[in-house]
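First the structure, in the form of structure tokens, and then the observations on it.
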Amino acid sequence: MKGRIVVVTGAAGVLGRAVTDEFEARGATVIGVDVIEPPGAGLVCDLLDGDACNRTVDAIRARHGKVDALVNVAGGFTMGETVYEGSSATFESMLDINARTLLNITRAVVPVMLAAERGAIVNVAARAGLRGSALMGAYSASKSVVIRLTEALADELKANGINVNCVMPSIIDTPRNRADMPTADFSKWVSPPDLAKVIAFLASDDARAIHGAAVPVEGLA
């Protein structure tokens, strides 16, 4: 991926850092984007602000002239509320963090890719987006939206040389998940570096024939 310009959202997080490391190891130039200061050559951007996303992408294009790949890592997780008792704030928060962030930055990046007639977008969905589970309704719904947006974007953009796909991890091995589930068998979870390798493949030329895929990345969980 030498010479490729890759934008990674949520770059300050555990998975975002792993994705950044993987692309850089493959020779790409990575621009991390996050609401807090990302490491390296990163930019601070509130992904819930569409205008801010446009300004951020304009700055990247002014400096690098293109965006070859966009990896939408930014997101979040919550559980514990039933659907019938859960707050509207929780539901809106999950949609904001997992779907609207993706939508805003993608809307800003796609015109740059259309002008180049090439590009790749990889979204991070979740296995939970395939089926609702008790006490996870808001999270599952938001990740289902990510999968559906991936499929729709793929159909809309594949004729223009742009691939859009997503990964569906089960449980990612992060410090937060270990703290929340201290008795679990962490060896069965998906490591961030392993997930990053799948993401990098989907953003590579080797995946140019793949459009609208939702790839399970489950480890042993």
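The values are calculated or read from the model by the stated rules, or taken from the named source; none is laboratory data. Bear in mind that the values here come from a model prediction, so they are computed numbers and not experimental data. Counting neighbours? That spans all protein chains shown, and the Cβs are built from the backbone with ideal geometry, glycine included.
Among the residues making up segment 107-128, a single one is assigned to a helix (DSSP H, G or I) and closer than 11 Å to VAL146 by Cβ: ALA128.
Suppose we keep only residues that are assigned to a loop (DSSP other than H, G, I, E, B) and either hydrophobic (A, V, I, L, M, F, W, C) or modelled with pLDDT under 95 (or both) within segment 41-75. Which one would you say is surrounded by the most Cβ atoms within 10 Å (Cβ to Cβ)? Restricting to residues being assigned to a loop (DSSP other than H, G, I, E, B) and either hydrophobic (A, V, I, L, M, F, W, C) or modelled with pLDDT under 95 (or both), the top hit is VAL73. For segment 24-34, taking the residues that are touching a strand residue (DSSP E or B) at 6+ places or on another chain (Cβ under 7 Å) and of a type outside the set (Asp, Glu), the one that is surrounded by the most Cβ atoms within 10 Å (Cβ to Cβ) is identified as VAL33.
Would you please name the residue that is surrounded by the fewest Cβ atoms within 10 Å (Cβ to Cβ), looking only at residues in segment 167-206 that are small (Gly, Ala, Ser) and part of a loop (DSSP other than H, G, I, E, B)? Here the residue is ALA184.
For segment 1-17, a residue qualifies if it is of a type in the set (A, V, I, L, M, F, W, C) and either buried (at least 22 other Cβ atoms within 10 Å of the Cβ) or assigned to a strand (DSSP E or B) (or both), and the qualifying residues are ILE5, VAL6, VAL7, VAL8, ALA11, LEU15.
All conditions but one from (1) in contact (Cβ under 8 Å) with a residue 24 or more places away in the chain; (2) farther than 21 Å from GLY10 by Cβ; (3) in a loop (DSSP other than H, G, I, E, B) apply to ALA209; the one that does not is (1). Against the list (1) more than 18 Å from LEU102 (Cβ to Cβ); (2) in a helix (DSSP H, G or I); (3) of a type outside the set (Gly, Ala, Ser), the condition ARG131 fails is (2). Here THR183, THR150, THR174 are screened, and the one residue that is touching a Cys at 6+ places or on another chain (Cβ under 8 Å) and within 20 Å of PHE77 (Cα to Cα) is THR150.
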